[in-house]
Amino acid sequence: MLGDELNAFKAVVVNGWMLFKDKATGQQRSEYLMSLHAASEQVRAIDFANVDPKICFRGLKGVSSPRPTQCIPVAPILSFDKSDRRIIAGREVIDSLESESNLAAMPWDDFEHLIRELFEKEFAHGGAEVRVTQASHDRGVDALVFDPDPVRGGKYIIQAKRYTMTVDVSAVRDLYGTVHNEGANRGILVTTSAFGADSYDFAKDKPLTLIDGPRLLHMLQKHGYRSEST
């Protein structure tokens, strides 16, 4: 945060956890004993050379176990601003898929709703919410994921490309820019076709995930659906 010269971060979430032996079972457990959410301007206003850590933690409204030595857990903090005018009601599409369905031939809006449903299933175990946005015509944000998991969670941007041709690297660059503009943790680009080597090179070491046609079909099959990508 202190080295964030581009002002890319809007907030910081810190969750402290501890491994310990549960006295009731003798088994090893891990629990969150402290959690803190602070806006970027709050962090930048702190003089870390002269601050009292405990007073600072309380001043930032951090929550902690009342008795850390007894490992009494607290609920980790992770909140999202979900007041996005682009969000619309989702439609059920995925259960109507037939084994011979060609994803690349689907109406583009059906494909976007299908991707939303698929990622709802992918994130279902962690209590994440997946919201589809209003018509983007293959531009901008097609879906938003709000994952409350304190370790891997955050806000994800999903773009869905119902293509038969290789996705150009410019689409991957655009997604990277959208991730920054949206203040998201990760961008996911899903296509019915493929990505070139230049796209994978650009996405390397960046908060981007590229899902091509075969991987998309694998995800569908994992949840009991069969189809074709091209």
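The values are calculated or read from the model by the stated rules, or taken from the named source; none is laboratory data. The shown structure was predicted, so the numbers you read here are calculated from the model rather than taken from an experiment. All Cβ positions, glycine included, derive from the backbone under ideal geometry; neighbour counts span all protein chains shown. What goes into the accessible areas is simple: the full protein's heavy atoms, side chains included, and nothing from ligands, DNA or RNA. Shrake-Rupley method; radii C 1.70, N 1.55, O 1.52, S 1.80 Å.
Against the numbered list (1) among the charged types (D, E, K, R); (2) modelled with pLDDT of 70 or more; (3) open to solvent by 70 Å² or more (accessible area, probe 1.4 Å), ASP110 comes up short only at (3).
Right, VAL51: open to solvent by less than 50 Å² (accessible area, probe 1.4 Å) and at pLDDT 85 or above or not? Spell out the reasoning first.
Working: open to solvent by less than 50 Å² (accessible area, probe 1.4 Å): no; at pLDDT 85 or above: yes.
For VAL51, the condition - open to solvent by less than 50 Å² (accessible area, probe 1.4 Å) and at pLDDT 85 or above - is not met.
Annotation note: Cβ proximity below 6 Å between a residue of the range 1-30 that is modelled with pLDDT under 75 and a residue that is open to solvent by less than 50 Å² (accessible area, probe 1.4 Å) and part of a strand (DSSP E or B) (sequence gap 6+ or interchain) occurs for MET1/VAL12; ALA11/ALA39.
Residues of the range 210-230 that are modelled with pLDDT under 95, closer than 15 Å to ILE115 by Cβ and either buried (at least 20 other Cβ atoms within 10 Å of the Cβ) or not basic (Lys, Arg) (or both): GLY213, LEU216, LEU217, HIS218, MET219, LEU220, HIS223, TYR225, SER227, SER229.
So that you can scan it fast, the table gives a plain yes or no per residue for (1) among the small types (Gly, Ala, Ser); (2) in contact (Cβ under 8 Å) with a residue 12 or more places away in the chain; (3) farther than 30 Å from VAL12 by Cα:
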{"residue": "THR166", "(1), (2), (3)": "no, yes, yes"}
{"residue": "ASN181", "(1), (2), (3)": "no, no, no"}
{"residue": "SER193", "(1), (2), (3)": "yes, yes, yes"}
{"residue": "ASP198", "(1), (2), (3)": "no, yes, yes"}
{"residue": "HIS218", "(1), (2), (3)": "no, no, yes"}
{"residue": "HIS223", "(1), (2), (3)": "no, yes, yes"}
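Within the range 98-117, no residue that is more than 11 Å from LYS161 (Cβ to Cβ) sits with its Cβ atom under 9 Å from a residue that is open to solvent by less than 30 Å² (accessible area, probe 1.4 Å) and among the basic types (Lys, Arg) at 6+ positions apart or across chains. Of all the numbered requirements in (1) open to solvent by less than 70 Å² (accessible area, probe 1.4 Å); (2) modelled with pLDDT of 80 or more, ALA124 misses one, and that requirement is (2).
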